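The values are calculated or read from the model by the stated rules, or taken from the named source; none is laboratory data. Keep in mind that what you see is a predicted model, and the values were worked out from it rather than measured. Note: ideal-geometry Cβ built from the backbone for every residue, glycine included; neighbour counts use all protein chains shown. To get the accessible areas, we keep the full protein, side chains included, count just its heavy atoms, and leave off ligands, DNA and RNA. Shrake-Rupley method; radii C 1.70, N 1.55, O 1.52, S 1.80 Å.
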Amino acid sequence: MPFDPSLFRAYDIRGIYPSVIHEDFAYVCAQSFVKVMDAKVVLVGRDVRVSGESMQKAAIQGLLDMGVKIIDLGVISTEMLYFASGYLEGVDGGFVCTASHNPREWNGFKFVGKAGQPLTREDKLGEIYDEIKKEQRVRVDTPGTVEKIDLCDAYAEYLKRYVPENVPDLKIVGNVNFGANGRFVDAALQHLPSVSVVRLNWEPDGTFPKGTPDPLLPSNRKEITARIQAENADFGVAWDADADRCFFYDEKGRAIPGYYINALLIEHFLAIEPGASFVIEPRQLWATEATAADNGGTTVISRTGHGFIKAKMRESGAIFGGENSGHFYYRDFWKCDNGIITFLTVLDVFAKKIAAGGKVSEILDDWRARYPASEEINFVTDKAAEIIEGLKGRHADATLSTIDGVSPDAGDWRCNLRMSQNEPVLRLNVEAKTPEGLAVHEKDLVGYIESFGAKIRDDH
């Protein structure tokens, strides 16, 4: 029976185990990576999911049967795969068995080429998908070899360069959502004795006993919000299960949108490297564009998605790139996303504010006042293309961008409406010059989309 086509997503592979994704798929997937990438030395790791060990074992067997050298990284965060691809010499990239923030019954694969090279569906990732669909299995006469490497110490040493100095006494609440990231955060915190951390869900547990390990879900914010308030903490930080996304909360327990973190980090990096460029996405961009321009920097707009952002980072030479979804990318980390570097960098910004007698909530309130913006609203619909096309005509007088979906800019408000790459979902983001204008245009756009029978998805 052919492999389920729903596995092949825009940026990676994901499916429910074992009905959709399974060990035979892992075997073929690993071999397909080798064929397309002409790989001789392959990195393999896995996240904490219960099915991860058998999936990784099957993938390694596929590689052994092709005669390649395997570097077994064990249980890792996704950013550790990127680190290994750049840090270790002579490797041809690899993959991690992970379904990121999806529920416990899912698994999948994320890939990387040499030294952080992104793979997109329009290029090498699409070729890997085509090879997988052939379902060909190879066994050579001389099997490959496996070398197990624990990169925790090397990664901890690497992270020292991002640890800020002169951090005042702080109390923060951290939540790793039962992923593998806790020990790497602990390694970085060894160099920050003034920071006290209240640890939530710190021990790895692939059953994810508190539900889907996705900090973007409003329901998943409740625990950390309550703990920040109870502990009288200075701020909070959370990661998704594979740790490539990072999220922040002020001392009141309010989630800080990734949009504002992007603008905050643009401001931070321009103080370090005047004239730098940044990769941003079109969902919301007034805050990021203006912050860069006001501080002597430039921005480059990319399609949303880690493969596209990474490619644009390489093309533009940008020092930093960011997505509203919590992915933050760094030129000096092989142009890849990294949740711990983000934590340490934002910690530096917040610490300076607190040392001067301020609060993190003042930072959030300032960004919200200057650049009012909605949270992303998702609609379930099979008429996404029709709705997007209709929006173009509905706001014909606005300046229209079609970099990713459609983005009408009317001067006092703008929005981005784009189709999901992976599911029948339409995603709406709105921003305006005033809170009142935001409320008016958000209501109007929701009504327009719902007139096609689309339903707001309950993301709680």
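Considering each residue of the stretch 222-234 in turn, at least one proves to be farther than 19 Å from residue 165 by Cα and in a loop (DSSP other than H, G, I, E, B). Can you find even one residue in the stretch 317-324 that is touching a Ser or Thr at 6+ places or on another chain (Cβ under 9 Å), outside any helix (DSSP H, G or I) and surrounded by fewer than 21 Cβ atoms within 10 Å (Cβ to Cβ)? There is at least one residue in the stretch 317-324 that is touching a Ser or Thr at 6+ places or on another chain (Cβ under 9 Å), outside any helix (DSSP H, G or I) and surrounded by fewer than 21 Cβ atoms within 10 Å (Cβ to Cβ). Looking across the stretch 38-92, the residues that are open to solvent by 10 Å² or more (accessible area, probe 1.4 Å), in contact with a strand residue (DSSP E or B) (Cβ under 9 Å, 6 or more places away or on another chain) and among the basic types (Lys, Arg) come down to 40, 46, 69. Has the stretch 266-287 got at least one residue that is at pLDDT below 95 and under 24 Å from residue 442 (Cα atoms)? Looking for residues that are at pLDDT below 95 and under 24 Å from residue 442 (Cα atoms), one finds none in the stretch 266-287, hence no. Test residue 83 against the criterion of being over 30 Å from residue 219 (Cβ atoms), among the aromatic types (Phe, Trp, Tyr), in contact (Cβ under 8 Å) with a residue 24 or more places away in the chain and assigned to a helix (DSSP H, G or I), and give yes or no. The answer is yes for residue 83. Hey, does the stretch 128-142 have a residue that's assigned to a loop (DSSP other than H, G, I, E, B) and surrounded by 15 or more Cβ atoms within 10 Å (Cβ to Cβ)? No, there is no match, as no residue in the stretch 128-142 is assigned to a loop (DSSP other than H, G, I, E, B) and surrounded by 15 or more Cβ atoms within 10 Å (Cβ to Cβ). Against the condition small (Gly, Ala, Ser), closer than 25 Å to residue 218 by Cβ and surrounded by fewer than 18 Cβ atoms within 10 Å (Cβ to Cβ), how does residue 374 come out, does it pass? Judged against the criteria, residue 374 is not a match. For beta carbons closer than 8 Å, sequence separation of 6+ or different chains, a first residue in the stretch 23-40 that is free of Cβ contacts under 8 Å to residues at least 60 places away in the same chain and a second that is among the hydroxyl-bearing types (Ser, Thr, Tyr), the qualifying pairs are 23/54. The sole residue among 403, 387 that is over 26 Å from the mean Cα position of the chain (by Cα) and closer than 30 Å to residue 13 by Cβ is 387. In the stretch 350-368, the residue that is nearest to residue 233 (Cα to Cα) out of those that are open to solvent by 30 Å² or more (accessible area, probe 1.4 Å), hydrophobic (A, V, I, L, M, F, W, C) and touching a residue at least 40 places away in the same chain (Cβ under 8 Å) is 354.
Residues in the stretch 118-127 that are over 16 Å from residue 422 (Cα atoms) and in contact (Cβ under 8 Å) with a residue 40 or more places away in the chain were compared, and the one that is surrounded by the fewest Cβ atoms within 10 Å (Cβ to Cβ) is 127.
Selection over the stretch 399-440 of residues that are within 20 Å of residue 289 (Cα to Cα), part of a strand (DSSP E or B) and open to solvent by 60 Å² or more (accessible area, probe 1.4 Å) gives a count of 2. Applying the condition of being open to solvent by less than 20 Å² (accessible area, probe 1.4 Å), without any contact (Cβ under 8 Å) to a residue 60 or more places away in the chain and of a type in the set (Gly, Ala, Ser) to the stretch 241-276 and asking which residue is farthest from residue 312 (Cα to Cα) yields 253.
Taken as a whole, the condition of being more than 27 Å from residue 237 (Cα to Cα), of a type in the set (A, V, I, L, M, F, W, C), part of a helix (DSSP H, G or I) and touching a residue at least 40 places away in the same chain (Cβ under 8 Å) does not apply to residue 293.
Within the stretch 256-290, the residues that satisfy the criterion of being more than 23 Å from residue 420 (Cα to Cα) and in a loop (DSSP other than H, G, I, E, B) are 273, 274, 275, 276. All of 10, 26, 58 fail the test of being modelled with pLDDT under 95 and of a type in the set (Gly, Ala, Ser), apart from 10.
Does the stretch 43-51 include one or more residues that are farther than 18 Å from residue 184 by Cβ, in contact (Cβ under 8 Å) with a residue 24 or more places away in the chain, in a helix (DSSP H, G or I) and hydrophobic (A, V, I, L, M, F, W, C)? No, every residue in the stretch 43-51 fails to be farther than 18 Å from residue 184 by Cβ, in contact (Cβ under 8 Å) with a residue 24 or more places away in the chain, in a helix (DSSP H, G or I) and hydrophobic (A, V, I, L, M, F, W, C). Return the residue satisfying two criteria in turn: it lies in the stretch 196-229 and is within 23 Å of residue 257 (Cβ to Cβ) and of a type in the set (Asp, Glu), and of such residues it is modelled with the lowest pLDDT. Checked the stretch 196-229; the qualifying residue modelled with the lowest pLDDT is 214. Among residues of the stretch 331-349 being charged (D, E, K, R) and in a helix (DSSP H, G or I), the one that is surrounded by the most Cβ atoms within 10 Å (Cβ to Cβ) is 331. Restricting attention to the stretch 93-116, the residues that are farther than 26 Å from residue 314 by Cα and surrounded by fewer than 23 Cβ atoms within 10 Å (Cβ to Cβ) total 5.
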